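For reference, the structure discussed in these notes is given below.
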Amino acid sequence: MTSKLIFKKVFTGHAWLENQAISIEDGQIKSLEQATDGIADGFLVPGFIDLQVYGGGGILFSNHQTEAAIQATFDEHAKTGTTAFQITLNCSPKSSMWAAIDACKSYAGKGLVGLHLEGPFFNPVKRGAHHEAFVQEPSIDFVQEIIDRTNGLPTYMTIAPEMFAPEVLTLLKNSHIMCSMGHSDATFEEAQNTGITRITHLFNAMSQWQSRALGLVGTSFRSDAWTSIIADGLHCDFESLRLAKQLKGEKLFLITDAVTHDESGPYVFAKNGARFTNEAGVLSGSALTMDEAIRNCVVRAGISKEEAIRMATVYPAEVANLSDLGSIETGKRACFVHLSDDLQVKQVWYDGEALIN
């Protein structure tokens, strides 16, 4: 099936193009050519990529490790421009982990590009809103089982590296699993020595940057590690976001960390205004959408429009090795967002199919 989109302005993720006709065939970009007429309102950008989102539509994946939960997440977040996501599992028991892996492997719907296991190998003192009872020891047999079960499934895992024996950490790092440091009290030296090049939700649930101890925050700033950030003004102040961008440059990318209201399982997060909290009142995930995160970057943190869009497209694609997404180029998937000039979502395309009626 062949179709065509014509826009006066296109931001590919790398450059601005004017008067472009984008030909789409079988869900892929076949060509970009000059055109004389097209949509003049706003501009076209790549579909957004969220590497940390927990659910949608009132179904939290940590409570229901089902294909329906994955589909509900896509249905909700596609409305605000997210066309690719890693469904995320809170720190959970083995049975939930295995069910999550099975659900992701059997899911045949839209949007899913992998599983993000946030835990269970945390430092308990930095567990945040995750249940302490679900924090587990990374034994070599347990880690090997995770590696074996996730074979064939793109898997991202947030870990506290200081909780691992060296040989177990080496086993995990040498596997197909993409490791990221988070929920960790690691010292600068401990974090640096791991060689792990990803860090989860900067500033939150990690050892802080102090005058005599750089911690995991300082590790991010002193390294080229890809680092995610939640740009909602609650998980970190917008001035901290501004400074983080100045220090990290192109290695800082956006996640929503978004949860949904679901009281049917072990994780119950109540929404109070713009924040979600657990039973103890601890900040628990976010109510953020990716388009809102982009607007916050531009309006509240002084980040350029182009760079904010790259933080939701080009960079997460590189982080998660998604070579067919993240930019508008011939041969890549036809996942797009039509933004107004004030960065509101007007339409979304998934593999060439318009999603908003």
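Some points to look at:
- Of the residues making up segment 205-231, those that are assigned to a loop (DSSP other than H, G, I, E, B), touching a residue at least 60 places away in the same chain (Cβ under 8 Å) and touching a strand residue (DSSP E or B) at 6+ places or on another chain (Cβ under 7 Å) are Ser207, Ala231.
- Restricting segment 175-195 to residues that are part of a loop (DSSP other than H, G, I, E, B) and open to solvent by less than 20 Å² (accessible area, probe 1.4 Å), the residue that is nearest to Gly111 (Cα to Cα): Ile177
- Hey, Gly47 open to solvent by 10 Å² or more (accessible area, probe 1.4 Å) and in contact (Cβ under 8 Å) with a residue 60 or more places away in the chain or not: no
- Number of the exception - Phe336 against (1) among the hydrophobic types (A, V, I, L, M, F, W, C); (2) surrounded by fewer than 18 Cβ atoms within 10 Å (Cβ to Cβ); (3) at pLDDT 95 or above: (2)
- Condition met for Phe142 (part of a helix (DSSP H, G or I) and either in contact (Cβ under 8 Å) with a residue 60 or more places away in the chain or under 17 Å from Trp98 (Cα atoms) (or both)): yes
This table checks each residue for (1) in contact with a Phe, Trp or Tyr (Cβ under 9 Å, 6 or more places away or on another chain); (2) among the hydroxyl-bearing types (Ser, Thr, Tyr).
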| residue | (1), (2) |
| --- | --- |
| Leu117 | yes, no |
| Ala133 | no, no |
| Val143 | yes, no |
| Lys173 | no, no |
| Ser180 | yes, yes |
| Glu189 | no, no |
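- The single condition among (1) under 23 Å from Asp291 (Cβ atoms); (2) among the hydrophobic types (A, V, I, L, M, F, W, C); (3) open to solvent by 10 Å² or more (accessible area, probe 1.4 Å) that Val135 does not meet is (1).
- Comparison of Thr66, Thr36 shows that the only residue that is of a type in the set (S, T, N, Q), free of Cβ contacts under 8 Å to residues at least 24 places away in the same chain and open to solvent by 30 Å² or more (accessible area, probe 1.4 Å) is Thr36.
- Lone qualifier among Gly111, Gly57 - being surrounded by fewer than 20 Cβ atoms within 10 Å (Cβ to Cβ), closer than 30 Å to Val45 by Cα and out of contact with any His (no Cβ under 6 Å at 6 or more places or on another chain): Gly57
- Any hit, segment 5-17, residues being of a type in the set (S, T, N, Q) and modelled with pLDDT of 95 or more: yes
- Within segment 308-333, tally of residues that are closer than 21 Å to Glu33 by Cβ, open to solvent by less than 10 Å² (accessible area, probe 1.4 Å) and small (Gly, Ala, Ser): 1
- Qualifying residue in segment 342-349 (condition: within 24 Å of Trp226 (Cβ to Cβ), touching a strand residue (DSSP E or B) at 6+ places or on another chain (Cβ under 8 Å) and either open to solvent by 10 Å² or more (accessible area, probe 1.4 Å) or not hydrophobic (A, V, I, L, M, F, W, C) (or both)): no
- In segment 286-299 there is at least one residue that is modelled with pLDDT under 95 and either more than 26 Å from Val348 (Cα to Cα) or open to solvent by less than 20 Å² (accessible area, probe 1.4 Å) (or both).
- Among residues of segment 88-141, those that are more than 24 Å from Tyr350 (Cα to Cα), touching a helix residue (DSSP H, G or I) at 6+ places or on another chain (Cβ under 7 Å) and of a type in the set (D, E, K, R), counted: 1
Okay, residues lined up against (1) under 15 Å from Gly302 (Cα atoms); (2) open to solvent by 10 Å² or more (accessible area, probe 1.4 Å):
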residue	(1), (2)
Ile230	no, no
Leu241	yes, no
Lys245	yes, yes
Leu252	yes, no
Gly265	no, yes
Lys271	no, yes
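- Restricting attention to segment 149-174 and to residues that are more than 25 Å from Asp257 (Cβ to Cβ) and in a loop (DSSP other than H, G, I, E, B), the residue that is most open to solvent (accessible area, probe 1.4 Å) turns out to be Asn174.
The values are calculated or read from the model by the stated rules, or taken from the named source; none is laboratory data. Quick caveat, the model's predicted, so the values are computed rather than measured. Note that we place each Cβ from the backbone using ideal geometry, even for glycine, and neighbour counts take in every protein chain shown. For the accessible areas, the whole protein counts, side chains as well, though only heavy atoms, and no ligand, DNA or RNA atoms are used. Shrake-Rupley method; radii C 1.70, N 1.55, O 1.52, S 1.80 Å.
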